[in-house]
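Only the coordinates and a few stated rules stand behind these numbers; no lab work does. Values in this document were obtained by computation on a predicted structure and should not be read as measured data. FYI the Cβ positions are ideal-geometry reconstructions off the backbone, even for glycines, and counts take in every protein chain you see.
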Amino acid sequence: MSLARLHRHVLRSLTHLSSAVPIFRPGTATPLLGAPSASTTAAAPTGREERRTLRGSLRASVGEGMVAEVFTACAGSTALTAWALALELSPFLVGVMTALPFFSQFIQFPAAWLTSTLGHRRVALGVVLLSRQVMWPLVLLPWLPLSLEGQQRVLVGVAAVSAVLGVVGNNAWVAWMGELVPESIRGRFFGRRTALCTLGNIVASLTTGVVMDRLRAPEGLSPALPLLAAVACVAGAVCTVLMARQHDPAPPGRERATLDFRVALLPLKDDRARRVLTYQMVWNAAVGLSAPFFTFYMLHNLQMSFLLMSVQLAALAGVRMLTAPLWGKLIDRVGAQPVVLACSLGIGFLPLVWLFPSPTFLWPLVADALLAGVLWSGHNLAIFALPLSVAPRKGRPFYLAAFSTAGGLAYALASSLGGGLASLLPTTFTVGGHLWDNFQVLFLLSGLARIAAAFLAVRIIEPGVRTARSLGELVALLQPPRSAPALERVPAPGPLVEPLPARAEG
C-alpha cells in the first residue's frame, strides 16, 4: 500500500471516531466529546477572516500537541517510574501513583460545572498551565532538606495534584476543541494531528531514554530526573502559549447551561449503556491489575536500559499507527462490537508473554510489541466508537462521563490492589520447578481476568449493526467479504430512555 493511500485510509477511518471518548488530556491526538454542559458541534466558518483565524488556531493546535508529547516523555509514566525506582517506592505506592489519573476521574462532573460556569477556554488555559508546572518541586527535590520518606511524599503529592488538575483541564480543553474544530473537517484534522503527535512522541521518548541512560547514577537520584522535570515545565509553558493562540468561537455572553447531576444516573437505566458500562469496568479492572508494573518490571527485573525500553515502546506505537487504518475499515464494515470482542480475547493472552523474558532473554518482548501494537490499535478505535453508538444524542456527554468515571475508578482500584498483592508476595519464589517473580503473578492473573472480561463483550448490543454473540459468529463477521456490500445493517431500535431536558443536551 502506498504512503498516500495509507494516509487517506487513516483519515477515513478516524472520521467517525474523532469525537470519541476514553481518558484523554490536552495535547493528545484525538479529543473527547465536550463537557457535560457544553456543545460540541462547531459550524464551518463562512467569512475569509474567520477562515484565516481558524487556520491559525488549527496550526497552533498541532504545534501544541507535538510539544505536549515532550512534556509526556519527560513527566509521564516512564519518568515517574524512574523517580519511583530512585526513591525506593514500594510496589503498592507505585500502583497507587500510576492509578492517580484514574482515581481523579470522580471529579469529572464538578469539572464540567466549573467549565460551564467560567468558560472552557479560560479554564483550559489556566488549569492546564498549572497541571504542567507542578513538576517544579521535583526539579528542586535533590536540594531540599528532606529524608527519603519526605521525598517519597513529595513525589506522590506532585503526581496527585497533577492528576486532579489534569482532569479539570482536560474537561475544559475537550469542550473547547468541540467548539473550535468544525465537524466537517474534524476527521481530517485530527487524523493529521494524530500522525504528527505520534511522530513527536516517538522522537521525544527515544531522546528521553538516551538522556536517562547517559546520566544514570549507580544509586540514588540521577541528575537526569530533575533535568527532565525542568524540561517538562518549560514544555508545559510553551504548550500554554500555543493554546493561547487558539481562538474561542463561542459567542460572548452566551447562556451557560445548568449542570443537572440527576442525569448522571441515566446510563444505569439504559440496558445498552449498562452492558457497555459493565464491560468497561471489568475490563479496566483486569488491565489495571498489571498495567502499572510493566515499565517497573522492564527497568528493575529485566534490567533494561531506558533507551532499550523506549525502543520497545516506540515500536509498539509505530505498529499501532500502521494498523489503525485497517481496523478503521473493518469497524466501518462490521461495527465496533465484533472488533472489541476479537481484540479483547487477543489482548487477554498478551500478559502471558511476560512470563518468559529474562535479563539475558528479551526476545519475547519483540512479539509483545508486534501483537500489542496490532490488538490495542483495534481495541482503542473500537472502544472509542462503541459508547457513541449506544448513547443517545441528548445526554450523550453524561453517558460518556459515566463511562470514563466508572472505568477509571475500576482501573485505579485494581492497580492499588495489584500493588498491594505484589508487596505481600516474596520477590522471587519457586512453584512447579519454575522461578517466579511477584509481578509475574500479577501478569498471569491479569491475563486470566482479561479473557474472562472479553466474554462480557458478547452481551453488548450495538445499534444498527450485527453483533457477534459467539466465537463462530465472530469468525464469520471478521472474514473478508465475498462481494460488496458485506453485511446489511439492521435498523436501530428506538431510544431506550426518555429525552433529557434541553438544558442537559450535549
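Please find the FRET efficiency linking Arg153 to Arg51, where r is the Cβ-Cβ separation and R0 is fixed at 51 Å, and quote it to the nearest 0.05.
0.50
Would you mind checking which residues have amide H under 5 Å from Trp436's amide H? H placed 1.01 Å from N; only 5 or more apart, or other chain.
Phe429, Thr430, Val431
Taking the alpha-carbon centroid of each part, what is the distance from region 263-337 to region 49-111 in angstrom?
16 Å
May I ask you to evaluate 6.51 cos²θ - 1.76 cosθ + 1.60, the Karplus curve with θ = phi - 60°, for each residue of region 155-165 and list the ³J(HN,Hα) values in order in whole Hz, giving x for glycine and proline?
Each residue's phi maps through the Karplus curve to give 4, 5, x, 4, 4, 5, 5, 4, 5, 5, 4 Hz.
Give the calculated FRET efficiency between Arg59 and Ala237 to the nearest 0.05, with a Förster radius of 22 Å applied to their Cβ-Cβ distance.
0.70
Within region 323-358, report the chymotrypsin sites (Phe, Trp or Tyr not before Pro) that DSSP leaves as loop and that have at most 14 other Cβ atoms within 10 Å.
Loop-located and lightly packed - Phe349.
How large is the dipole of region 260-482 about the Cα centre if only Lys and Arg carry +1 and Asp and Glu carry -1, each at its Cβ, rounded to the nearest 20 debye?
Computed about the Cα centre, the dipole is about 860 debye.
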